[in-house]
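Visitor: Following this message is one structure expressed as structure tokens.
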Amino acid sequence: MRRTLILAGCLIAAALLACLQERTPKPLPVDAPPQVFSAGRAMADVRIVGRAPHPVGSAANMAVRDHLVRRMAELGLSPQVRRMDSAAYRQVGDQSNVFGAVVENVVGVLPGLDRTAPAVLVMAHYDSVPGSPGAADDAAGVAAGLEIMRALKARGMARRDVMLLLTDGEESGLLGAGAFFRADPLARRVGFVLNMEARGGGGRAQMFETGPGAAETIALFSHTAVRPASSSLAVKLYSMTSNDTDFTRSRAAGLPGLNYAFIGRQFDYHSASSTPETLDQGALQDIGRQVLAAAAGAAFAPALPREGGEAVYANTFGSGVLAYPPWCGWIVLAVAAALWGLGVLRARRVAAVDWRDLARGAGAALYLLLLAASLLRLARRATGVPFGFIEQRALTAQAGLFEAAVILTGLGAALFAAAALGRPRSCRVCAGLGLATALGCLALGGPDLAGAGLGAAAAIMALPTFGRPAGSPGAWAGVLATGLAVTLVVQVVLPVAGFLPAWPLVLACLAAAVGRLGASRSLPARALTALAAVVALVWLGGFVHGVYLGLDMPELLAIFAWLAAFAIWPLAQPAGQSIAGRALAGAALIMGLGLVAWVRFSDPWSARHPRPTLVAYQLDQDAKRAWRVSLIPADQSAWTHTVLTADGGRIGRAGLRPLFRRPVEAAPARWLDAPAPQLTLAPAAGGQVALRAAPPPGARFLTLDLRADGVVEQPMFNGRPASILRRPGQWTHVRWEAAPGGFEVAFKPVRPGAIEVRYAAVTEAWPAAAKPLPQRPADVMGFDVSDSTVVTGSRRLTW
Ligand SMILES: [Zn+2]
């Protein structure tokens, strides 16, 4: 009972401290001292840049550009607008993709003492996605960039120049940054890059990407950081995803640097709700002060970080960062192993430690990992919210609730395993819970075979593990042994991730050694056990929050339930016949799953979190037929239903290529005339033929699918060699933003042939001649290019 009370106290204390740790700092007011970063001051620019959606090429974006030029001039940065056409290429399976636009980067320079020294570049993108004011992504980064330049200037002349690059067309394929690092002579002056992004409308700023070989960069980071949130593992994980930002381009150019983004309030990411009013000003303060610290550190340093080895690092508490070379991970592991051995020896001196208890402890650790993973997959599916970038908004609208649900569920699994291990005949109930979870996974969402497999594996694992009660010292030693084994493997396979199991392990092994694996009843031993538990839980809490926000994969949190078990085990496995431990575990599980039910059955939509809708009026110019379409598969809203059926048609399915690959929900609509894109094929210089494509007047973008029926050579996009039309019959997808001049695809044919063109042009306006859209209720919003007119069709052009 007493242990369980201490444990409950530790859990509550850790939860409070973890919440404090994840809280964004207080935004500083407009009259804060000039040398510091003030979110209050930066908000003035956020309110102008993030007033309305301003995608690349739009009139709103040009107004933003003019504002930025004015602001940079005021700051004495001698701004220039660098206009270039830019294209990005991406091969996905058999399809080549081209994203192109005319971009206008805005660049200014704050002169330093040595004008020839490599400069520090502060970077953010000023364009938004269509349909979102982008107050967070990336008006916040842009405004922070301006405020950082102002604060740097107030600190006196730095050793080197600091450049501010506000890129255009990031959302359309990193087009501004691509053009800058490829072709702008100013890029050759850059020696260090600091980029600012946003993934959501709030939350702590994370440093999630570095340049290649970042040991020296991390040294700068760890010396200058103000309450940072970062680790070598987070950076590694990000590098393994397909996400990118402008920093991808500077990194590819071999430049060192640091990439920051705040992540939180994810509902607002790329959403109409991302307004200056909903922006978390604490997040702006956080990213601004962190990047200002790094920028000042680099600008005033005698030398910039160069490319070198790797570093293992993670933030600890406050402004602390622990960083060391990867081989030092072996020392950390050796310390943990030595402490573990000492704990076992000391415990054996008092009483025998049964080696079978050790095996049961290890089994319980594995059981809790499998059970938690299965339960968490079940919890995600039980919300009934589909997976997908737009679809999961029903969940991000209730992000806090669902986070509490998964944390309680994961923790509940760990507490349950520990409480069960000390009791006789727990085998049946443990196997039963595994089986019940497996059946739940089969019944819900799909069925989810992976989740069911994990639950079934937990049930099998329960049979040898929970047959007999295990003594607490041996069991804890067994749990810690799984930590030692996994840390060893991670240290070999992925040394930059080794710290994650190693640091809580060292703490827990220290408590185990001092407390003779939990048997000691001395006050210092007990105090140390409780302290280790709280410290480990708070530190892990930061990672849990990050993983929860970063990926829609709650099952990964099972790893953290297992890591938490290292330190809480001696408190969670009750002595004797006490049922308090089981009661606590049961309470956590019931509360966790209860919150899941709450998330499922409550209405997520409100004026603050409106339901996303994405409707369009499609004019199929080949068939001369029109459709009212909805591009969000799970959108069953009454508003969308009214829009789709307004011309009396029944909802079915239709194709929307090349705009959208999947079929969309569509109902017949009244046919209307609308201008088509201009597509011409004509001979060009050097035996080439050139396809010229221009969007209809006022279009937001034009997409084409192109396919040549024979071999073509020397393919070019806007006069530059391009990896497109690689094989006869293979599709190349082109998306061209806004610019009315259009683009040119040229190639040298080998023999007479034809090119097949499918087009979709999107104009951000509902057709004037169509029945107008009904008013949206306050809890419904348009998403992306909703309410647009889409003209589709095809051509076959021969040469
Ligand atoms: Zn962005």
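Visitor: Out of the stretch 261-271, which residues are open to solvent by less than 40 Å² (accessible area, probe 1.4 Å) and either away from the ligand (no atom under 12 Å from the Cβ) or β-branched (Val, Ile, Thr) (or both)?
Guide: Passing the criteria: Ile263, Gly264, Gln266, Phe267, Asp268, Ser271.
Visitor: If you don't mind, another one. Do we find a residue being open to solvent by less than 10 Å² (accessible area, probe 1.4 Å), under 18 Å from the mean Cα position of the chain (by Cα) and either at pLDDT below 95 or within 16 Å of the ligand (Cβ to nearest atom) (or both) anywhere in the stretch 209-219?
Guide: no
Visitor: A follow-up question, please. Name every residue in the stretch 242-257 that is more than 16 Å from the ligand (Cβ to nearest atom) and either open to solvent by less than 40 Å² (accessible area, probe 1.4 Å) or β-branched (Val, Ile, Thr) (or both), in order of residue number.
Guide: Gly254, Leu255, Pro256, Gly257, listed by residue number.
Visitor: Among the residues of the stretch 403-423, is any more than 27 Å from the chain's Cα centre (by Cα) and in a loop (DSSP other than H, G, I, E, B)?
Guide: Scanning the stretch 403-423 turns up at least one residue that is more than 27 Å from the chain's Cα centre (by Cα) and in a loop (DSSP other than H, G, I, E, B).
Visitor: Return the residues of the stretch 650-683 that are at pLDDT below 90 and either aliphatic (A, V, I, L, M) or under 14 Å from Lys771 (Cα atoms) (or both); say none if nothing qualifies.
Guide: Ala654, Leu656, Leu659 - these are the residues of the stretch 650-683 that are at pLDDT below 90 and either aliphatic (A, V, I, L, M) or under 14 Å from Lys771 (Cα atoms) (or both).
Visitor: Among the strands (runs of 3 or more DSSP E) confined wholly to the stretch 708-786, which include 1 or more residues that are over 25 Å from Gly57 (Cβ atoms)?
Guide: Filter on the stretch 708-786 gives 712-717, 743-749, 754-763, 780-782.
Visitor: Which members of the stretch 172-206 meet the condition of being farther than 22 Å from Tyr126 by Cβ and either touching a Gly at 6+ places or on another chain (Cβ under 8 Å) or within 16 Å of the ligand (Cβ to nearest atom) (or both)?
Guide: Of everything in the stretch 172-206, just one residue is farther than 22 Å from Tyr126 by Cβ and either touching a Gly at 6+ places or on another chain (Cβ under 8 Å) or within 16 Å of the ligand (Cβ to nearest atom) (or both), namely Arg204.
Visitor: Right, something else. Filter the stretch 132-143 down to the residues that are more than 8 Å from the ligand (Cβ to nearest atom) and either surrounded by fewer than 24 Cβ atoms within 10 Å (Cβ to Cβ) or not in a loop (DSSP other than H, G, I, E, B) (or both) and list them by number.
Guide: Those that are more than 8 Å from the ligand (Cβ to nearest atom) and either surrounded by fewer than 24 Cβ atoms within 10 Å (Cβ to Cβ) or not in a loop (DSSP other than H, G, I, E, B) (or both): Ala135, Ala136, Ala139, Ala140, Val142, Ala143.
Visitor: Consider Ala198 carefully, then state whether it is modelled with pLDDT under 95 and of a type in the set (A, V, I, L, M).
Guide: No: the conditions fail for Ala198.
Visitor: Here's a follow-up. Going through the stretch 755-777 one residue at a time, which ones are open to solvent by 40 Å² or more (accessible area, probe 1.4 Å), closer than 23 Å to Glu170 by Cβ and of a type in the set (A, V, I, L, M)?
Guide: The answer is none; no residue qualifies.
Visitor: Would you mind finding the one in Pro728, Pro740, Pro715, Pro752 that is free of Cβ contacts under 8 Å to residues at least 40 places away in the same chain and open to solvent by 50 Å² or more (accessible area, probe 1.4 Å)?
Guide: Pro728
Visitor: Which numbered condition in (1) away from the ligand (no atom under 16 Å from the Cβ); (2) at pLDDT 95 or above is the only one that Tyr89 fails?
Guide: Going through the list (1) away from the ligand (no atom under 16 Å from the Cβ); (2) at pLDDT 95 or above, Tyr89 breaks only (2).
Visitor: Can you name every residue in the stretch 527-572 that is farther than 18 Å from Ser231 by Cα, within 19 Å of the chain's Cα centre (by Cα) and surrounded by fewer than 24 Cβ atoms within 10 Å (Cβ to Cβ)?
Guide: Asp552, Met553, Glu555
Visitor: Of the residues that make up the stretch 25-47, is at least one touching a Leu at 6+ places or on another chain (Cβ under 9 Å), open to solvent by less than 40 Å² (accessible area, probe 1.4 Å), touching a residue at least 40 places away in the same chain (Cβ under 8 Å) and more than 30 Å from Gly782 (Cα to Cα)?
Guide: yes
Visitor: Still on this model: What is the number of the single condition among (1) open to solvent by 20 Å² or more (accessible area, probe 1.4 Å); (2) under 30 Å from Ala101 (Cβ atoms) that Gly169 does not meet?
Guide: For Gly169, the exception is condition (1).
Visitor: Sticking with this one: In the stretch 92-105, how many residues are within 22 Å of Asn61 (Cβ to Cβ), more than 16 Å from the ligand (Cβ to nearest atom) and among the hydrophobic types (A, V, I, L, M, F, W, C)?
Guide: 2
Visitor: Another one. Considering only the stretch 118-131, state which residues are under 27 Å from Pro305 (Cβ atoms), within 13 Å of the ligand (Cβ to nearest atom) and in contact with a Gly (Cβ under 6 Å, 6 or more places away or on another chain).
Guide: Listed by number, the list holds a single entry, Ala124.
Visitor: Also, quick follow-up: Which members of the stretch 135-154 meet the condition of being in contact with a Pro (Cβ under 7 Å, 6 or more places away or on another chain) and under 23 Å from Ala101 (Cβ atoms)?
Guide: Within the stretch 135-154, Ala135 is the sole residue that qualifies.
Visitor: To continue, here is another question. Every residue in the stretch 118-131 that is β-branched (Val, Ile, Thr) and open to solvent by less than 10 Å² (accessible area, probe 1.4 Å), please.
Guide: The answer is Val120, Val122.
Visitor: From the set of residues in the stretch 144-157 that are charged (D, E, K, R) and open to solvent by 20 Å² or more (accessible area, probe 1.4 Å), which is nearest to the ligand (Cβ to nearest atom)?
Guide: Only one residue tops the list, namely Arg150.
Visitor: Taking the conditions exactly as written (crowded, with 22+ Cβ neighbours inside 10 Å and either in contact with a strand residue (DSSP E or B) (Cβ under 6 Å, 6 or more places away or on another chain) or of a type in the set (A, V, I, L, M, F, W, C) (or both)), does Leu659 satisfy them or not?
Guide: It is true that Leu659 is crowded, with 22+ Cβ neighbours inside 10 Å and either in contact with a strand residue (DSSP E or B) (Cβ under 6 Å, 6 or more places away or on another chain) or of a type in the set (A, V, I, L, M, F, W, C) (or both).
Visitor: Does any residue of the stretch 106-117 turn out to be of a type in the set (Asp, Glu), away from the ligand (no atom under 16 Å from the Cβ) and open to solvent by 10 Å² or more (accessible area, probe 1.4 Å)?
Guide: Checking the stretch 106-117: at least one residue is of a type in the set (Asp, Glu), away from the ligand (no atom under 16 Å from the Cβ) and open to solvent by 10 Å² or more (accessible area, probe 1.4 Å).
The values are calculated or read from the model by the stated rules, or taken from the named source; none is laboratory data. In this text the structure is predicted, and so the values were computed from the model without any measurement. Note: ideal-geometry Cβ built from the backbone for every residue, glycine included; neighbour counts use all protein chains shown. SASA here: full protein model, heavy atoms, side chains in, ligands and nucleic acids out. Shrake-Rupley method; radii C 1.70, N 1.55, O 1.52, S 1.80 Å.
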